[in-house]
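Working notes for the structure below.
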Amino acid sequence: MSAVGRSVRRLEDPRLLRGAGRFVDDVDRPGQVWMRVVRSSSAHGRLLGVDADAARELPGVRAVLTAADLQPVPRIPVRLGPFDEPLDDFLQPVLAAGAVRYVGEPVAVVVADDPYVAEDAAELVVAELEPLPVVLDAARAVADDAPALHGAGNEVTTLVRAYGDVDDAFQRAAHVIEVEVDVGRHTAVPLETRGLVADYDATLDRLVLWGATKVPHFNRGALARMLGMDERSIAIRSCDAGGGFGVRGELYPEDFLVAFLARRLARPVKWIEDRAEHLVATNHSRQQRRRLAGAFAQEGELLGLRETLWHDNGAYVRTHGVVVPELTLSMLPGPYRVAAYAGRAHVALTNKTPCGTYRGPGRYEATFARERLLDAAAAELHLDRVALRRRNLLEAADLPHHRALPVLGHDVEIDVGDFPSLLDTTLERAGFEAWRREAREQRAAGRSVGVGLAWFLEKSGGGGFERARVDVDVRGRVRVAGGGTSLGQGIETALAQIAADELGVEVPDVDVVLGDTELVSSGVGSWASRSTIFSGGAVRLAARATGELARRVAGELLEAAAEDVALRDGAAVVAGSPQHRVPLGEIAAACDPANAARRGDDPGLGAARTYVDAPMTYPYGVHLAQVEVDGETGGVRVLRYFIGYEVGRAINPALVEGQLVGGAAQGLGGALMEEFRYDAEGQPQCTSFMDYLVPSAAEVPPIGTAIAQDAPSPGNPLGVKGAGEGGVDGAGAAIASAVEDALGISGAISALPITPERVRALAAAAPAGSLPVSAGR
């Protein structure tokens, strides 16, 4: 029975459930010292000096560094394009030099013998600042008279993405419908905050790091250049990770500082971020404002789209460059037939924490805007919301569907799919018509209950290549080493399933090691829902090559032709003669250096392979929601939630379902609760979970799923599409749709999150008698 396609138990769980996981905070090195970051308490100011004398005199303090100690002050490089215009002028220095531009920006670092002394010393460091005006709105930031954060201004770039004749589409339109929407400022809040441990051997000029999840090979190369070291002298070793979601594992200023200090002091250095730091220093995301217009024919056909958006990128450009606003533009047309489209994104800098990616970057925002437009169109054209979407969905005759819109360097190419079929399946499996009927009955009885839906188009893959190695030892155990990383997504299990099928072993007989630059020479990492496509493809190739070697060697041992040998049940078996078999462990023993040399092979039963150039895949799906609104308190309770998702092929359906459910929880948080706010001076108002609210189990209903495997991707041999972000993409739009339905007001929800204050304002502004009794006044 094939391992691929089965919901086998996760390999990761036994150690994690026993408390035997090894996270970065579990890593301690002999003689280590602790780093603490001194952060700006001002959103914008000229940095006149940093007084660290009192901190240096505190017993137990080993070093205090400011920008003056790092001349020239290195800047954090960009990892991802596009590069429509140079970004160097906007990159973040590892320590502030000349000015501070957001609350939380690193100004100095303190190293001490223990974390408590380091914290005390950090409190003694004083930054002398001359206040400067702040700018906190992206549209205001790009105005000519806005306070300038950088000499090059506040507008990093203006991205323009378009195809088709948009002017003609709007001239032909029977209806032109416009919406203005805002998505608030969010961030991921993984259970584990950021951290890093660096150990330096001065004799060997060798630096070893723990805690660099997500893109270890990029981080190693960037640190080598910034430190002036040979890349081969830096090793990054894997740890367990308590969640990633896009924000953990990128190269941040603190990562350079830990490594730099380990070299300077010739001592291991450890840094663990606390939660207050995380909320002001780790990447934020999402915040966008846009105007979106749709050109519709009389019967509801969508002829064209035109949008302008302002993307608030915070004070600097970090490792993601401007990929989030580009993704927002390129993914805006979504799963619909749109003959013409033009989008413009103003990428603006403000006095806030810099932004990067967060699960579903660009797609969450674009989906909210587009689906809000479609709901508004359905109301104005007096069409059913489901019927309007069905009328405009891509169909089989439209595929493959090309759009000249770049996504990570490749134009959108939607190769295969059956969008109408997924809609039908999802509506039926969820019982959506019963939801609708129940909502109508409840409204008639005086309760504000409504239903909503939202379609989304995802993208997954990208990033060029991935490398993996597969080895079998003399016990018959298989070890897989890959360049991807484990962030809690279950990739260890998925890769083990792929290797198990190729080598004819059980999944528990496979050990998977990820994110170790000493085991895999190069890699791109785990992001953009690419791990199963690229790491899975590399493991498949390496395991297949290992299996071919095993069959050849087994053929010699069994005196049979290699083509007559099959691998199953942990052994090589001669076809038609099951009694003629040899265990994989014995085959591995026969691959010792002497015997391997006689055959002209390298020692060992194993192989390394690189999987390269898989095209982007475009999974898609639909979110359904039923909510109840209390107009007096402004509370929104999610009663039912369901996601239909086309995954191409599920290596492990249970893992896909887990990804969808977890993503939905984050999406609901962004829809109803989560938002970073700042006061007029740029002071963050969310520095703990008392203020930055995230959903608990009480706020998340059971999530139903319909996982479709009707459109395997032709671009990779496994047929898989990414599963990591579909659960989050449609949540904001589906909840907004349902809240409007519950309130009986169209076009009212234009901003996320849908806070109690906003709901009460809507209820208060509604015409008398237009709302159910429970909606209040």
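The values are calculated or read from the model by the stated rules, or taken from the named source; none is laboratory data. Bear in mind that the values here come from a model prediction, so they are computed numbers and not experimental data. Virtual Cβ from ideal backbone geometry, glycine too; neighbours counted across all protein chains shown. Quick note on the areas: whole protein, heavy atoms, side chains included, nothing else; ligands and nucleic acids left out. Shrake-Rupley method; radii C 1.70, N 1.55, O 1.52, S 1.80 Å.
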Total formal charge among the other residues, if their Cβ is under 14 angstrom from that of Ala148, Lys/Arg +1 and Asp/Glu -1: -1
So in the chain, what percent of DSSP beta bridges are antiparallel if you round to the nearest 5? 75
Cα shape, the range 92-132, gyration tensor, a/c 1.5 rule: prolate
Of every Cα-Cα pair in the range 278-383, the percent that sits beyond 21 Å: 38
Ordering of 252-262, 452-462, 405-415 by packing [mean C-beta count within 10 Å, highest first]: 452-462, 252-262, 405-415
Debye, to nearest 20: dipole size of the range 295-408, +1 on Lys, Arg Cβ, -1 on Asp, Glu Cβ: 320
By the scheme Lys and Arg +1, Asp and Glu -1, what is the net charge of all other residues having a beta-carbon under 12 Å from that of Glu273? 0
How many angstrom lie between the Cα centre of the range 27-55 and the Cα centre of the range 445-479? 38
Quick one: pull the percent of accessible area on the chain belonging to carbon and sulfur, 1.4 Å probe, ligands and nucleic acids left out. 49
Given axes a ≥ b ≥ c from the Cα gyration tensor, I'd like to know whether the range 321-467 is rounded (a/c under 1.5), prolate (a/b larger than b/c) or oblate. prolate
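Send over a whole-number figure in Å² for the accessible area per residue of the chain, probe 1.4 Å.
36
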So how exposed is Tyr678, as accessible area in Å² (1.4 Å probe, rounded to 10)? 50
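For every other residue with a beta carbon closer than 13 angstrom to the beta carbon of Ala235, add +1 if it is Lys or Arg and -1 if Asp or Glu, then tell me the sum.
Computed value for this residue: -3.
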For the range 42-104 the chymotrypsin sites (Phe, Trp or Tyr not before Pro) that pass both the DSSP coil test and the at-most-11 other-Cβ-within-10 Å test are Phe83
Give the Kirkwood hydrodynamic radius (Å, one decimal) of the chain, defined as one over the mean of 1/r across all pairs of different Cα atoms. 27.7
Part-to-part distance (alpha-carbon centres) for the range 532-566 and the range 193-232, which is given in Å: 35
Could you tell me which of rounded, prolate or oblate describes the range 1-152, using a ≥ b ≥ c as the square roots of the eigenvalues of the alpha-carbon gyration tensor, with rounded for a/c under 1.5 and, failing that, prolate when a/b is larger than b/c and oblate otherwise? oblate
Any idea what Rg and Dmax come out to for the range 464-612 if you just take the C-alpha atoms, in Å? 15.3, 48
What number, rounded to the nearest 500 deg cm²/dmol, is the helix-based mean residue ellipticity at 222 nm of the chain, given -39500 (n - 2.57) per DSSP H run of at least four residues and division by all its residues? -8500 deg cm²/dmol
